[in-house]
Amino acid sequence: MRSQTVQPIPLAFSSYPVPARPGLARPGLARPGPVALALRVLCVGTLASMAVAAVLAPNTVWAQAGTAQTAAQRAWAIPAGPLETVLNRLGREAGVLLTFGSSVTDGLRSGGVNGQYTVAQALEQALQGTELMAVPSAGGGYALRTMPTAAPAPGGPATLAAVTVTAAAHSDARTDGTGTYTAGPSASATGLNLALRETPQTVTVVSRQQMDDQGSTSVRDVMQQAAGITVQNYDSERWGFNARGFALTNFQYDGITKDYDGVYDWGATNSDMAIFDRVEIVKGATGLMGGTGDPSATVNFVRKRPTDHFQGSVTASAGSWNSARTELDLSSPLNASGSVRGRFVGAYQDRESFLDHYRQKKSVLYGVVEADLTRDTRLTVGADYQNTDPRGSTWTGFPMFFSDGTRTDFDRSFNPATTWSQRKLESRNLFATLEQRLANDWNFKLTANSESSKHRSLLGSASGGNPDAVTGEGMFFFMGDFRGNRTQNTLNASLSGPYELLGRKHEAMLGASWSDTQTDGPWSESLYPMLPGSIFGWTGNYTQPAFPPIAAYDEKRRQSGVYGATRLRPTDALSVIVGARVSRVDASDSRVYSDGVTPALTSSMRSRGEVTPYAGVVYDLNDSYSVYGSYTSIFSPQTSRDANRQFLPEVQGRSIEAGIKGEFLDGRVNASLAAFRIQQDNVAEYVDFVDGESIYRAVKGVSSKGIEAEVSGELAAGWNLQAGYAYAHVRNAEGKTVYGSTQMMSQPAHTLRLSTSYRLRGDWNPLTVGGGVAWQSATDGRVWNPVAGDYATIRQKGYALVSLMARYQFSKQLSAAIHVKNLLDTKYYSGLGLFETGFYGEPRSVTLTARYTF
């Protein structure tokens, strides 16, 4: 339970919205580089600042906003929500100190603040209907008091109940604890902190509450319910995500881009969701911020941040296939004044699967410290760790054709993997962010991120060949021992703020980024032994062979760039965003054989001065609706190689989007309707698998056009909804279907996603019910038919996955929930065409979860 009386905390960084804090990860598996050195300096500085803060906090005097600042009117756009959340944001934007009692605000909601008001007027609007009032206090701040319940004696003052707890100093966009699907501002698209209605691209935000309502603990869980996103299985550990007809390869953590490799994944599609506050998905090309311009989407995972008051929760769940999971989440001030705050999250999961002889164990740790070094300076340092250790991991799926050309029909529980097959991944991150508020509301931000990962993919999977339809004989194994270490160091610096031009106020953002990734490890010989006996009696038992090392590989990627954007406001209703990024990319790969005879294999790629322009226009039709349009070019270096082991040329093209957005119910609900067209060349298409590597070719003239519609937020008190429909028509220059670069599978033309929850009223108020629907139209897969001697098309008909949830609040601290996924137990292919195999989607599952908060 939260403490009811603590010392007031000054709202540092309060005159501007603070975006999500990017992270930084320590290179635990490589020698220290410039980023690692910068991190050590920042860490030392943090520890020193914490010690100083702990000593000086009781005697610290914090400056308050001046009288002129609080008396002047300004524009407010704070959406409705929990009263504490609204007051937190108001205090931060106003730059004033607010003190109020947490017990008084518990359970209360505010209609938000919208319009031109002074600080006092804004507080009055925020408190309407709550029987609370804000009273000016010494130093220019405000104290929250309960209104008098009786008229004062003639000539005497009113008696007001005094309480003292300070507003939390968290980001305006924070969703943890809000209880809604409503999203705040986002900087993921342009680097400017904009509301969803102000952003000239489609943005989908999955809030913490939505993840909890869906029982989402993995990236796959989130993506299966996200509007406009489709999910395909490569095998038991790897997934591919797609948007607008193209593979999704841009993953960010607190705005820092992760170098993605779809072959070994390196955790991009396996991150545990326990440590994240929300997931922001920007549709279309985002080369301005991401460094490259893949036209599908960019997914930004935003980590949880510390709170100004003590809070915690313990969660335990159990479900189908002997699945068990526990989570611990603690957050608290670390000194008396609250200028130093910390948060810790831990999770452990041990589960089996619908697949025979499969088991996975996963450990997650996350810690972050946030320190207000001064009123204008904040330092955030944190680390996270994840260890995923599965057994019975498949390498691709099961055969689709028998040797006579007829279709196979394996049980969903069939697992072609050996019992010792595994894809073990361990990742460590260290991140730090320094934010400095400058004069005239300008802000400087420096982020350092260092990630070190290692994987051991010791694989054996009886997935090769086409078995005899009667005897089940004729299959062979895919076997290999793949190991690697990866270190990615990133630095990013940005400067943003307002400026005046021709009598009007505008905004600008400038930045520079640098990223260096190195991957190395031994290269062993892959084996393809025949499976003794029948595949029909396969149990996973097969002696693990030795995999002779034959070479060592070394891969390097370096990318740097400078970027900038400005938001011009020619009129109150019109905003124009223009920007560009200039990028430099270097890549080199080598494989050196240990026999001293075989010549080394090398490949390299270099791009200089590549310019990625961005332009967007937003026009407010009225207080609720805006129309918008945006354009960006596409520039995306590729790691896929051709038959000569050379990198394919970078993907180039353009992306255009136009639409209308709406904001309703005082900002609690956002809606959008968009049309898009994408044109690009040099898209990778799978050709063959040679010497342990996939071979691709570049395809020109690939286009995608379609529409997307989405609505999300709190439709009424206790009723949350996110719903989206997407249509994408993807074809190559000849007008033919485009198949994936890793899986030979097309994308569905139509998708529909819906997630909702509703807390009942009256006597049933402790009960929340909800559910979701994920529907998609038919898809096609290309799989080799041994009789026809050519590829055959296998169609997966359209299907819907239905989920249900119910949660009961036994007390303020204790709740229990049940989640049912794939309620109708739909049988479907979630993957087709990878090495001529298929993969089934997960059957119906049930999970029970209990949570205790304090």
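Do you know which residues across region 299-313 are under 15 Å from residue 217 (Cα atoms) and in a strand (DSSP E or B)? Talk me through it step by step, then tell me what you get.
Of all residues in region 299-313, those under 15 Å from residue 217 (Cα atoms) come to 301-304.
Listed by number, the residues that qualify are 301, 302, 303.
Is it fair to say residue 698 is under 30 Å from residue 800 (Cα atoms) and of a type in the set (A, V, I, L, M)? Reasoning before the result, please.
Working: under 30 Å from residue 800 (Cα atoms): no; of a type in the set (A, V, I, L, M): yes.
So residue 698 does not fit the description; no.
Quick test for you: out of 567, 584, pick the one residue that is within 30 Å of residue 487 (Cα to Cα) and in contact with a strand residue (DSSP E or B) (Cβ under 8 Å, 6 or more places away or on another chain).
Numbers: 567 fails: within 30 Å of residue 487 (Cα to Cα).
From the options 567, 584, the qualifying one is 584.
Give me the residue from region 472-517 that is in contact with an Asp or Glu (Cβ under 6 Å, 6 or more places away or on another chain) and over 30 Å from residue 424 (Cβ atoms) and, out of that set, surrounded by the most Cβ atoms within 10 Å (Cβ to Cβ).
Out of the qualifying residues, it is 474.
For region 703-711, check the following and say yes or no: at least one residue is within 18 Å of residue 821 (Cα to Cα), modelled with pLDDT of 90 or more, touching a Gly at 6+ places or on another chain (Cβ under 8 Å) and not small (Gly, Ala, Ser). Before you say what the answer is, go through the steps one by one.
Looking only at region 703-711, we keep the residues that are within 18 Å of residue 821 (Cα to Cα), and these are none.
No, because not a single residue in region 703-711 is within 18 Å of residue 821 (Cα to Cα), modelled with pLDDT of 90 or more, touching a Gly at 6+ places or on another chain (Cβ under 8 Å) and not small (Gly, Ala, Ser).
Suppose we filter 324, 285, 347, 318 for residues that are buried (at least 20 other Cβ atoms within 10 Å of the Cβ), aliphatic (A, V, I, L, M) and within 25 Å of residue 385 (Cβ to Cβ); which single one remains?
Working: 324 fails: buried (at least 20 other Cβ atoms within 10 Å of the Cβ); 285 fails: within 25 Å of residue 385 (Cβ to Cβ); 318 fails: buried (at least 20 other Cβ atoms within 10 Å of the Cβ).
Result of the check over 324, 285, 347, 318: 347.
Can you name the residue in region 234-246 that is of a type outside the set (S, T, N, Q) and in a strand (DSSP E or B) and, of all such residues, is surrounded by the fewest Cβ atoms within 10 Å (Cβ to Cβ)?
Step one: of region 234-246, the residues of a type outside the set (S, T, N, Q) are 234-235, 237-241, 243-246.
Checking which are in a strand (DSSP E or B) leaves us with 239-241, 243, 246.
Values: 239: 21, 240: 23, 241: 24, 243: 31, 246: 23.
Selected residue: 239.
Return the residues of region 548-606 that are of a type in the set (S, T, N, Q), farther than 26 Å from residue 495 by Cβ and outside any loop (DSSP other than H, G, I, E, B); say none if nothing qualifies.
Answer for region 548-606, where residues must be of a type in the set (S, T, N, Q), farther than 26 Å from residue 495 by Cβ and outside any loop (DSSP other than H, G, I, E, B): 588, 590, 602, 603, 604.
Restricting attention to region 166-186, and to residues there that are among the hydroxyl-bearing types (Ser, Thr, Tyr) and assigned to a loop (DSSP other than H, G, I, E, B), which single residue is modelled with the highest pLDDT?
181
Just one of (1) among the β-branched types (Val, Ile, Thr); (2) surrounded by 23 or more Cβ atoms within 10 Å (Cβ to Cβ); (3) modelled with pLDDT under 80 trips up residue 199, so point out which.
Condition not satisfied by residue 199: (3).
Here are some conditions: (1) crowded, with 24+ Cβ neighbours inside 10 Å; (2) at pLDDT 90 or above; (3) part of a strand (DSSP E or B). Residue 231 meets all but one. Which one does it not meet?
Tallying (1) crowded, with 24+ Cβ neighbours inside 10 Å; (2) at pLDDT 90 or above; (3) part of a strand (DSSP E or B), residue 231 fails exactly one: (1).
Residue 831 - would you say it is free of Cβ contacts under 8 Å to residues at least 60 places away in the same chain and in a strand (DSSP E or B)? Let's see the steps before the verdict.
Details: free of Cβ contacts under 8 Å to residues at least 60 places away in the same chain: no; in a strand (DSSP E or B): yes.
The answer is no for residue 831.
Restricting attention to region 723-748, report how many residues are of a type in the set (Gly, Ala, Ser) and either surrounded by fewer than 21 Cβ atoms within 10 Å (Cβ to Cβ) or outside any loop (DSSP other than H, G, I, E, B) (or both).
Looking only at that region, the number is 6.
Considering region 385-424 alone, what residues qualify as being outside any loop (DSSP other than H, G, I, E, B) and either buried (at least 24 other Cβ atoms within 10 Å of the Cβ) or not charged (D, E, K, R) (or both)?
Within region 385-424, the first condition is being outside any loop (DSSP other than H, G, I, E, B), and the residues that meet it are 385-391, 398-399, 401, 407, 417, 422-424.
Answer for region 385-424, where residues must be outside any loop (DSSP other than H, G, I, E, B) and either buried (at least 24 other Cβ atoms within 10 Å of the Cβ) or not charged (D, E, K, R) (or both): 385, 386, 387, 388, 390, 398, 399, 401, 417, 422, 423.
Please specify each residue of region 208-228 satisfying the condition of being of a type in the set (D, E, K, R) and surrounded by fewer than 24 Cβ atoms within 10 Å (Cβ to Cβ).
Going through region 208-228, the residues of a type in the set (D, E, K, R) turn out to be 208, 212-213, 220-221.
Residues satisfying the conditions are 208, 212, 220, 221.
Of all the residues that make up region 554-577, how many are among the aromatic types (Phe, Trp, Tyr) and free of Cβ contacts under 8 Å to residues at least 60 places away in the same chain? Full working, then the answer.
Here is the first cut: in region 554-577, the ones among the aromatic types (Phe, Trp, Tyr) are 563.
If we keep only those that are free of Cβ contacts under 8 Å to residues at least 60 places away in the same chain too, we end up with none.
Of the residues in region 554-577, 0 are among the aromatic types (Phe, Trp, Tyr) and free of Cβ contacts under 8 Å to residues at least 60 places away in the same chain.
Run residue 260 past the list (1) touching a residue at least 24 places away in the same chain (Cβ under 8 Å); (2) surrounded by fewer than 24 Cβ atoms within 10 Å (Cβ to Cβ) and report the number of the one that doesn't hold.
(1)
Need at least 2 residues that are free of Cβ contacts under 8 Å to residues at least 60 places away in the same chain and touching a His at 6+ places or on another chain (Cβ under 8 Å) per element, so show me which strands (runs of 3 or more DSSP E) inside region 428-540 make the cut, counting only ones lying wholly within it. Give the steps one after another, and end with the answer.
Values: elements: 443-464, 476-501, 504-524.
In region 428-540, the matching strands (runs of 3 or more DSSP E) lie at 476-501.
Is there any pair linking a residue in region 598-625 that is more than 30 Å from residue 194 (Cα to Cα) and surrounded by fewer than 15 Cβ atoms within 10 Å (Cβ to Cβ) to one that is among the acidic types (Asp, Glu) and modelled with pLDDT of 85 or more, with Cβ under 6 Å and at least six apart or on different chains, and which?
Listed pairs, sorted by first residue: 606/586.
Could you check region 621-638 and list, in sequence order, the residues that are in a strand (DSSP E or B) and among the polar types (S, T, N, Q)? I'd like the intermediate steps shown before the answer.
Going residue by residue through region 621-638, those that are in a strand (DSSP E or B) are 625-636.
The answer is 626, 630, 632, 633, 636.
Counting only residues that are out of contact with any Asp or Glu (no Cβ under 9 Å at 6 or more places or on another chain) and modelled with pLDDT under 90, which one in region 235-250 is nearest to residue 463 (Cα to Cα)?
240
Within region 352-381, how many residues turn out to be part of a strand (DSSP E or B) and either within 21 Å of the chain's Cα centre (by Cα) or surrounded by 19 or more Cβ atoms within 10 Å (Cβ to Cβ) (or both)? Break it down stepwise before answering.
Here is the first cut: in region 352-381, the ones part of a strand (DSSP E or B) are 352, 359-374, 377-381.
Now drop any that are not either within 21 Å of the chain's Cα centre (by Cα) or surrounded by 19 or more Cβ atoms within 10 Å (Cβ to Cβ) (or both), which leaves 360, 362-373, 378-381.
Count: 17.
Would you mind finding the one in 749, 716, 698, 709 that is under 22 Å from residue 784 (Cα atoms) and free of Cβ contacts under 8 Å to residues at least 60 places away in the same chain?
None of the other options fit; the residue is 698.
Which strands (runs of 3 or more DSSP E) sit wholly inside region 660-720 and have at least 3 residues that are surrounded by 19 or more Cβ atoms within 10 Å (Cβ to Cβ)?
The qualifying strands (runs of 3 or more DSSP E) are 669-681, 683-690, 702-716.
Here are 742, 793, 756: which of them is at pLDDT 95 or above and β-branched (Val, Ile, Thr)? Steps first, answer last, please.
Numbers: 742 fails: at pLDDT 95 or above; 793 fails: at pLDDT 95 or above.
None of the others qualify; the one that does is 756.
Against the condition in contact (Cβ under 8 Å) with a residue 24 or more places away in the chain, closer than 18 Å to residue 295 by Cβ, touching a Pro at 6+ places or on another chain (Cβ under 9 Å) and of a type in the set (S, T, N, Q), how does residue 178 come out, does it pass? Before the answer, list the steps.
Working: in contact (Cβ under 8 Å) with a residue 24 or more places away in the chain: yes; closer than 18 Å to residue 295 by Cβ: no; touching a Pro at 6+ places or on another chain (Cβ under 9 Å): yes; of a type in the set (S, T, N, Q): yes.
When the stated conditions are applied, residue 178 does not pass them.
The values are calculated or read from the model by the stated rules, or taken from the named source; none is laboratory data. Because the structure is predicted, anything quoted here is derived from the model rather than measured. With ideal geometry, Cβ positions are generated from the backbone for all residues, glycine too; neighbour counts draw on all protein chains shown.
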